[in-house]
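Down below is the structure, laid out as structure tokens.
Please treat every number below as a calculation from the coordinates, not as lab data. Model, not experiment: these values are computed from the prediction. All Cβ positions, glycine included, derive from the backbone under ideal geometry; neighbour counts span all protein chains shown.
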Amino acid sequence: MKLGMIGETVVNLMFTYDRIMLLSENTAVNRISVLFREGLLTQDLVDILHALQRYTRTIVDRIESLFAKLDESKQKAQDALDSFEIRKAAILHKAFTGELTAQWRKEHGVGMESWDNTTLSKIVIGFKYGTSEKSDYSYKGMPVFRIPNIADDGLSFEDLKFLSHKDISDENQIHENDI
């Protein structure tokens with residue numbers, strides 16, 4: 001029970017017990033004033049009841065402010081989650097087009113002209129089916145590179161699924177120079 005409600009409850013009980021008619025302007029301040037005029041409250045009690053009202057308002061204002069900040073934080077977190085896929089796709093695009101490493105290549109004298117454009121059919125010896133274990137989009141565990149990740153224009157990291165564990169047989173893992 002809020003502190004202010006304790007004061008209001010006491011004041012309301014006094015009105016009921018002493019059969020005092022409710023006021024046309026039935027505010028807590030007016031009810032306290034009537035009880036004081038009737039001699040049912042001392043000045044100390046009036047001061048305490050008014051203090052309870054002020055502190056309750058201060059506490060309620062603070063709680064409402066904290067809830068507003070919480071709502072704002074939740075919205076920012078949701079916005080970050082919503083934009084995750086877009087940012088991931090943009091980073092992968094920059095990685096595969098060379099834009100992500102442009103500064104490093106410039107510093108080390110490696111130009112785009114040293115890159116070879118080719119197709120998978122020219123560089124792949126063969127395709128082999130990997131694991132049939134259940135994978136999902138949890139983004140936790142080991143990523144699974146699947147047939148939908150091989151596109152006409154190269155490799156796609158847009159639709160990766162993940163295995164919840166990492167104990168996959170060595171022959172079902174992709175190693176350096178496999179792709």
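Tabulated data
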{"item": "Options His165, Thr58, Thr16, ranked by Cα towards positive dipole end of the chain, top entry (Cβ charges)", "result": "Thr16"}
{"item": "Values of log10 I(q)/I(0), in the order q = 0.11 Å⁻¹, for the chain under a Debye, Cα-only, solvent-free model", "result": "-0.71"}
{"item": "The chain: angle of helix 43-97 to the longest principal axis, Cα-based, in degrees nearest 10", "result": "10 degrees"}
{"item": "Degrees separating the helix 3-17 axis from the principal Cα axis of the chain, which is the longest one", "result": "30 degrees"}
{"item": "Over the chain, relative contact order from alpha-carbon pairs under 8 Å, at least 6 apart, %", "result": "14 percent"}
{"item": "Degrees separating the helix 28-37 axis from the principal Cα axis of the chain, which is the longest one", "result": "20 degrees"}
{"item": "Burial ranking of peptide ranges 99-109, 42-52 (average Cβ count within 10 Å, highest at the top)", "result": "42-52, 99-109"}
{"item": "Amide hydrogen neighbours beyond the local backbone of Val144, cut-off 5 Å, H modeled", "result": "Lys161, Phe162, Leu163"}
